[in-house]
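The values are calculated or read from the model by the stated rules, or taken from the named source; none is laboratory data. This structure is a prediction, so every number in the text was calculated from the model and none was measured. As a convention, Cβ positions derive from the backbone with ideal geometry for all residues, glycine included, and neighbour counts pool all protein chains shown. Ligands, DNA and RNA are stripped out before the accessible areas are found, and what is left, the full protein with its side chains, is counted by its heavy atoms. Shrake-Rupley method; radii C 1.70, N 1.55, O 1.52, S 1.80 Å.
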Amino acid sequence: MTEPVNIKILDREFTVGCEPDERDGLLAAAQLLDSRMREIRGSNRMAALDRVAVLAALNLAHELMQLKADTQSREQTLNRTLVDMNRKLDGLFDTLTTR
């Protein structure tokens, strides 16, 4: 059952519905977004909110894509290592069973 959660981003309050077990994650995400938007806005208090929001979203999306690419690369490396280890183990077992 969703429940309302109040979040504050750039001194503006928003009410968002979420599951109780997702509340902490939502609050952490809101805090991260607020921090990034403040960083982008900097001392320019006149910056358009929608522009600041789009730039923050683009930055976060870029970071997410980089993390996904890094994860995929690590998974490929791990899979190659596991295949190599399995091949070596198969060779070792073959040697032991032919004795």
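What the table below lists for this structure:
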| quantity | calculated |
| --- | --- |
| Neighbourhood charge, 15 Å Cβ-Cβ cut-off, centred on Asp94 and excluding it, Lys, Arg +1 and Asp, Glu -1 | +2 |
| Solvent-accessible area per residue, Å², over the chain with all protein chains present [probe radius 1.4 Å] | 82 Å² |
| Amide N proximity, the range 16-57 versus Glu3 label position 7 Å along Cα-to-Cβ, cut-off under 20 Å | 16-31 |
| In Hz, Karplus ³J(HN,Hα) per residue of the range 33-48 (6.51, -1.76, 1.60; θ = phi - 60°; x = Gly, Pro) | 4, 4, 4, 5, 5, 5, 4, 5, 5, x, 8, 7, 5, 8, 4, 5 |
| Total formal charge among the other residues, if their Cβ is under 14 angstrom from that of Leu58, Lys/Arg +1 and Asp/Glu -1 | -1 |
| Inter-probe distance in nm under a simple model that places probes 7 Å from Cα toward Cβ, at Leu26 and Leu67 | 2.0 nm |
| Among [x] 16, 45, 27, 10, 2; [y] 17, 48, 27, 8; [z] 13, 25, 21, 14, 11, 9, 5, 1, 0, the entry that matches P(r) over Cα pairs in 10 Å bins from 0, in percent as calculated here | [z] |
